[in-house]
Structure formats: structure tokens, C-alpha cells
Amino acid sequence: MKKAILIGDYEIARLHPLAGIDDALREVFKDVFEIYTANEKVYPNLNYNSLTQYDLIIFMSEKWSITASKELVASLVTYVVNGGCLLAIHHGLIVNNTYELNLLFASRYKGHAPYCELDYLPTESDCSLAEGIAPITAYDEPYMFDMDVFKKTNVIMEMVYGNYKYPAIWFHYWGKGKVACMAPGHSAESIRVFAAPLRNIGIWMSGDK
Amino acid sequence: MKKRALICSDFEPGFHYFLNGTQDEMVHIFNEVFDSVHVTDDFFSKTIADFTKYDCLILYNVPLFGAKRSDNAFTGLIDYVVNGGSIIVIHIISPGAIDEGAQVFGGRFRMHPPYNRYRIEPADVSHPILEGIEPFEIDDELHQLYTEEFIEKTILLNCVNDDGRICARGPIPHQDIYAKNGGIKVPIAWCHEFGKGRIIYTCPGHNAESFKNPEYRRFLKRCGKWLLRKL
């Protein structure tokens, strides 16, 4: 089975500790990726060579504003541009202190309104990642982003908030690599609710689709 | 350790013809900064292993014309700069033809008014590249770009249209906004970091005459020193 490394914070996380989310991701990616974790004591020391031991990086650092380093940013970009797969979920998308990752994600976090019940709708995308995706109603934080003006991305689900729709799940190639971003994912329960699109992303990233 | 620079260009005549004097001027300028300046018209054969032999890459004209995001030369370019390499792109922002290149290098070509004389001023910012650089006029093409908003770049030079000479209404939408509209500053050179590396884009450089401009030569040399971490 292919290997994934989940990067995130346990003890120093204020709002999104990975405890529980890690097990939810293991359930979702069962039979596709074996998930290892790198907590806040481990992931700041990861480098390109250590990252290439994995087929997928799941990025969910909450304290990126204090754990980020130029070395790790360079390693992540090098990993992706040379063919690695990177999945950023929810708070992992808040990387405005390292614009290099904003470029990889093709987005820049703007903020969010309070946690609430939200509707997520599949787009009319005909790509295989959109197959079998049904509308989802979930409690989550309505994250909003500026989307990059240059990088063409594929939005497969949108969040409805007020009278507007906002990108919620999108994916693209970046260099030789693959990147996917999912704005919801505040809790383990939310991860499980979004199992269908997450699993499609995982299958695409594993190279089987 | 000897400092080496590699100019990546193309040698096709008729379009910013590199061999018609431009090469000599550029090599002469950067020879005053680097111990050796090398030239290639074969960007596509290069990989990260080739790029890392150089302390600086100088991209001129369209060496990346037709490149795809997954080409080894292109991914090698990103790998090189994010891991500490230095790149200066002169005149045509050729990496901008690829989405990732437009993101990393900060822009994509949009249009340019006709070749003309333009007034260039250093931006009102404290930056070592700009020390001692005075305003100057230059005959060139004023390339206007779509720009990446996510990166934090430092504007180094502006074209200042304070005399209404830039151009009249042109055939391309938006071209007319630069006509007789005194005081508009068009950013034409900037620098930023990408990972551990450094990037500069600078617009002037349409032909050999651009590189003969004394103030612009001084600016380019200081760019080279900054890229070498000597400023």
C-alpha cells in the first residue's frame, strides 16, 4: 500500500488538534494510503529526502505561522514540482506567511464566518474526481479564499453561503506533481462527512485514476 | 569559489535578435559581476543538475517558448530557485507562459505600447540594489504584465509617464490609459524571494541599445550583486 504522511499539530494546536482527525483520515483512505503522522516536534525537521519516502503529504498544520521555515517550504515545493502529491485540508490552507504554498494551493485564505450548517454542491465538472459526488450538508467553518489569477484549477465542490457559491474543493497539477485542497474539515466528523470527495482525491493521487 | 552565470536565450534572428549585439553587451555587463558568463540557446536540454553548476541564471528573450509545466528544464528551474538559486529575467517574462512560471516569477506578458523613449525612476523604497541609481531615459518597449498578487515583491523601477509621450490610443484594450495621463507609475522591475532563492524581473532590454544605457548597466550590475548575495 502507498504511504502518506499527515503533517499537523497535536499539543500546540489551539482549535484543530489532529487527535481524532488522524483516525478519520485513516478510515477514509483505507486500502489506498497507509497514513503516518508527523507532529509539531517532527515535521519542522522534515526535508526533501525524508518527504520522498511518502507518496502523499496531507498538510494540516495549524501553527504554520510559527513552525514554518524556508527549508521546509523549499522541501515541500521541491517535492511537488518533481512529482509529489500534496493534499491540504481546512486549516492547512492558512499559509499566508509563506506565499510559496499559496501558489501551490492556487489560493490565499481570506477569513471565515462562524461555524454553522452549510450546503456543499458538486460543480458540473466532468472530471473523474467529480464522479459520484452528491450534495453534502455539514457543520463547518465557511472558509473563503482569493483564488490565484494564473493557476487554472478544477473546482469540484462549492460551498453555498448567503447568495453566493465559493470554492470548497479543488485540484490541479503543479509542475510534475498533484495538488488538492479542501476547505471544510474542521473536525473528525467533518472529515468523515466528506469521505466521498476525499477518497476520489486519494485514488487520483495514488495514480489509479 | 568562482562565480558563474548562465544566460539562457535563443538565437533566432528577427525577434529580439540576441546575436546582433545584445549578447556582447549582456556578457560584458555581467562579466563585471561574475567570474565567468556562459551562454546557451538550448534551455530544454538542461536539468536541475545543469542549473546548479551556476550561481545565477539570466533568462533573456524566449528560451522557454513552447515549454510545458512538466518539462524537466522547467521543473528544474523551479527546483533550482526554491532551493537557493538566483534568476534574473530580462525583458520578456518567458516563464510566465506557464501558469506555475507566471506565479513564481510574478507575471505574464499582457501587451506593450510601441517602442519609444521612456522615463524610468527608481521606486521610493530602500533597497540595496537601488543605492546610487538615478532616474534615466531609455529607448525600449514598455512591457505591461498581468501580475501575481500573492507574492511579496519589492518594486525596484517604475516607468513614469509624466510628459504624455508614452503612446496614444492603441489597438489593444487598456493601452490608451497610459496616454497623456501624467503621473501614472508602471512597475517595470521588481525582486522577490522564492523559498531560499532570489528572483528579479526587469523590463528594459529590447535590443543592444538598451544595454548600452549607462544607468541601466549600473542597475543590472547591482542586480547581479544582489543575486550573488554581495549586497
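Read-outs: derived from the displayed coordinates by stated rules, not from any lab. What you see is a predicted model, and the numbers here were worked out from it, not measured in a lab. Cβ placement follows ideal geometry from the backbone for every residue including glycine, while neighbour counts extend to all protein chains displayed.
Which whole-number percentage describes the relative contact order of chain A, with Cα contacts under 8 Å and a sequence gap of 6 or more?
22
Between A:77, A:42, A:193, which gets the highest mean-square fluctuation from a Gaussian network model of chain A, Cα cutoff 10 Å?
A:42
Round to the nearest 0.05 the FRET efficiency obtained for residue A:137 and residue B:116 when R0 = 45 Å and r is the Cβ-Cβ distance.
According to the calculation, E is roughly 0.15.
How large is the charge dipole for chain B, taken about the Cα centre, if only the Cβ atoms of Lys, Arg (+1) and Asp, Glu (-1) carry charge, to the nearest 20 debye?
So the dipole magnitude of chain B works out to roughly 400 debye.
So for each of A:99-106, B:185-192 I average, over its residues, the number of other beta carbons within 10 Å; can you give me the resulting order with the highest mean first?
A:99-106, B:185-192
How much length is gained if the chain between residue B:49 and residue B:152 is pulled fully straight, taking 0.36 nm per residue apart and subtracting their Cα-Cα distance, in nm to one decimal?
34.2 nm
Computed FRET efficiency, Cβ-Cβ of residue A:113 and residue A:66, R0 25 Å: what is it to the nearest 0.05?
The calculated FRET efficiency here is 0.50.
Using the 10 angstrom Cβ neighbour count as an exposure proxy, how do B:11, B:136, B:105 rank, fewest first?
Going from sparsest to densest Cβ surroundings: B:11, B:136, B:105.
Can you tell me the dipole magnitude for segment A:1-118 around its Cα centre, using point charges on the Cβ only (Lys, Arg +1; Asp, Glu -1), in Debye to the nearest 20?
With only Lys, Arg, Asp and Glu charged at Cβ, the dipole is about 300 debye.
Of A:72, B:213, A:187, which is farthest along the charge dipole of the protein assembly as shown in the positive direction, counting Lys and Arg as +1 and Asp and Glu as -1 at C-beta?
Selected residue: B:213.
With 10 angstrom as the radius, rank B:58, B:129, A:35 by how many other C-beta atoms surround their C-beta, starting from the fewest.
A:35, B:129, B:58
Which residue, B:90, B:102, B:48, has the largest displacement toward the positive end of the dipole of chain B when charges sit on each Cβ (Lys, Arg +1; Asp, Glu -1)?
The one lying farthest along the dipole's positive direction is B:48.
Kindly put B:26, B:111 in sequence by how many other C-beta atoms sit within 10 Å of each C-beta, fewest to most.
So the ranking, lowest neighbour count to highest, is B:111, B:26.
How far apart, in nm, are the 7 Å Cα→Cβ label points at residue A:15 and residue A:160?
Here the modelled spin labels are 2.5 nm apart.
In whole angstrom, how long is each semi-axis of the equivalent ellipsoid of the protein assembly as shown, when you take the square root of 5 times every eigenvalue of its Cα gyration tensor and sort them from largest down?
After diagonalising the Cα gyration tensor, the semi-axes are 43, 24, 19 Å.
Within a 10 angstrom radius of each residue's Cβ in A:116-126, how many Cβ atoms of other chains show up on average? Whole number is fine.
Taking all residues of A:116-126 together, the mean is 0.
Between residue B:196 and residue B:127, what FRET efficiency comes out of the Förster formula 1/(1 + (r/R0)^6) with R0 = 25 Å and r the beta carbon distance, rounded to 0.05?
Here the calculated transfer efficiency is 0.85.
Which value in deg cm²/dmol, rounded to the nearest 500, describes the helix-derived mean residue ellipticity at 222 nm for the protein assembly as shown, given -39,500 (n - 2.57) per DSSP H run of n ≥ 4 and division by the residue count?
About -6000 deg cm²/dmol.
Going toward the positive end of the dipole of the protein assembly as shown, with +1 on Lys and Arg Cβ and -1 on Asp and Glu Cβ, which of A:29, A:200, A:45 do you reach last?
So the residue furthest toward the plus end is A:45.
Given points 7 Å out from each Cα along the Cα-Cβ axis, report the residue A:196 to residue A:49 separation in nanometres with one decimal.
4.5
Under the 0.36 nm per residue contour assumption, what length would be gained going from the current alpha-carbon distance of residue B:65 and residue B:230 to full extension?
Taking 0.36 nm per residue and subtracting the Cα distance, the gain is 56.2 nm.
Would you please state which residues of segment B:111-148 a label at residue B:15 would reach in this model, taking the label point 7 Å out along Cα→Cβ and a backbone N cut-off of under 19 Å?
The answer is B:111-115, B:141-146.
Compute the relative contact order of segment A:104-208 as a whole-number percentage, counting only Cα pairs closer than 8 Å that sit 6 or more residues apart in sequence.
Dividing the mean separation by the residue count of segment A:104-208 yields 27 percent.
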